[in-house]
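The values are calculated or read from the model by the stated rules, or taken from the named source; none is laboratory data. As the structure is a prediction and not an experimental result, all values here were calculated from the model. Neighbour counts are summed over all protein chains in view; Cβ atoms, including those assigned to glycine, are modelled from backbone coordinates with ideal geometry. Remember, those area values only see protein heavy atoms, side chains included, never the ligands or the DNA or RNA. Shrake-Rupley method; radii C 1.70, N 1.55, O 1.52, S 1.80 Å.
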Amino acid sequence: MTSEIPASAHLSMQRAAGTVAAARHVCVLTGAGISAESGIPTFRDALTGLWAGFRPEELATLDAFERDPAFVWRWYEWRRELVRQARPNAGHLALAELARRVPRLTLVTQNVDGLHQRAGSVDVIEYHGNILRDRCLAEQIVAERSRDAGGDLPRCASCGGLLRPDVVWFGEMIPAVAMRLADAAAEDCDVFMSVGTSSLVYPAAGLAEIALSRGVAVIEINPNPTELTTHADPVLAGPAGAILPVLLDLIGRN
Ligand code: OAD
């Protein structure tokens, strides 16, 4: 085990590995914590630099965008640049490999950074959208940017209207297909893994609750206690980039 994983976690790791190795369908929900080791700040980390003093809840809303689209776009361009420069870490890679080792794995992510796909995961359910795509505010569809529109705001190539990032803002609905597939996985899985999420934001946090209500194993990976911690078993306390590769290795030995 690496030094980042407490020795006391050894038994829990063995138990988690045995449970996952025996699973028919593993449902994994990831949050900002899995990308923290790729250098992307989590949501509930204080913002730094230019954006210190702002809260994501004040920037990631339709109201904020309608009030000052240039300001909200500047925040998203800053975040896009972080995402473009980031690389998938050992946690993302281990989950992509895990999908090849179990009969069925459904990966639901609250992250908008696309790092799971860049690590090799397929059929990722993007619960909160993808920050690298643009959506037409008027037409509500993923859209190309107009090349010749003037002004400093991105405009839709087909209708000339304002573009927004294709992410879910506070108060907005989860994309219907993502919601249906994620619910179905939580209803069907025999192991649920919650990785690097505070379990504070619904409806994503409700997926673990579905699994708990069905009495299936719910494993949590997070260096800090969350809303889910007292209900999950086992809890693997440590960074996802250290825990997941060790778990994968132990699963290989089961
Ligand atoms: P948060 O920022 O709320 O929580 C990040 C979690 O990651 C915390 O529980 C940390 O303890 C944990 N963490 C930090 N470093 C970690 C590491 N190396 N390995 C594993 N875990 C680590 O992020 P989310 O729970 O993902 O929604 O936030 C959920 C949603 O709230 C986001 O998708 C976003 C935000 O508002 C929307 O934008 C709609």
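Quick one: would you say residue 9 is surrounded by 12 or more Cβ atoms within 10 Å (Cβ to Cβ), within 16 Å of the ligand (Cβ to nearest atom), of a type in the set (A, V, I, L, M) and modelled with pLDDT under 80? Yes; evaluated as a whole, the condition is true for this residue. Considering only segment 135-176, state which residues are basic (Lys, Arg) and closer than 16 Å to residue 69 by Cβ. 135, 145, 155, 164 - these are the residues of segment 135-176 that are basic (Lys, Arg) and closer than 16 Å to residue 69 by Cβ.
Note on segment 204-247: residues that are within 15 Å of the ligand (Cβ to nearest atom) and assigned to a helix (DSSP H, G or I) total 14. The sole residue among 184, 176, 157 that is open to solvent by 20 Å² or more (accessible area, probe 1.4 Å), within 16 Å of the ligand (Cβ to nearest atom) and more than 21 Å from residue 200 (Cβ to Cβ) is 176. Annotation: of all residues in segment 110-125 being assigned to a loop (DSSP other than H, G, I, E, B) and not aliphatic (A, V, I, L, M), the one that is most open to solvent (accessible area, probe 1.4 Å) is 123. Can you find even one residue in segment 188-196 that is away from the ligand (no atom under 12 Å from the Cβ) and either at pLDDT below 95 or under 20 Å from residue 111 (Cβ atoms) (or both)? The answer is yes; a qualifying residue exists. Of all the listed residues (62, 162), the sole one being buried (at least 16 other Cβ atoms within 10 Å of the Cβ), touching a residue at least 24 places away in the same chain (Cβ under 8 Å) and not polar (S, T, N, Q) is 162. Filtered by the rule that a residue be of a type outside the set (A, V, I, L, M) and surrounded by 15 or more Cβ atoms within 10 Å (Cβ to Cβ), segment 234-254 gives 234, 238, 239, 241, 245. Of the candidates 64, 99, the single residue that is part of a helix (DSSP H, G or I) and in contact with a Leu (Cβ under 6 Å, 6 or more places away or on another chain) is 99.
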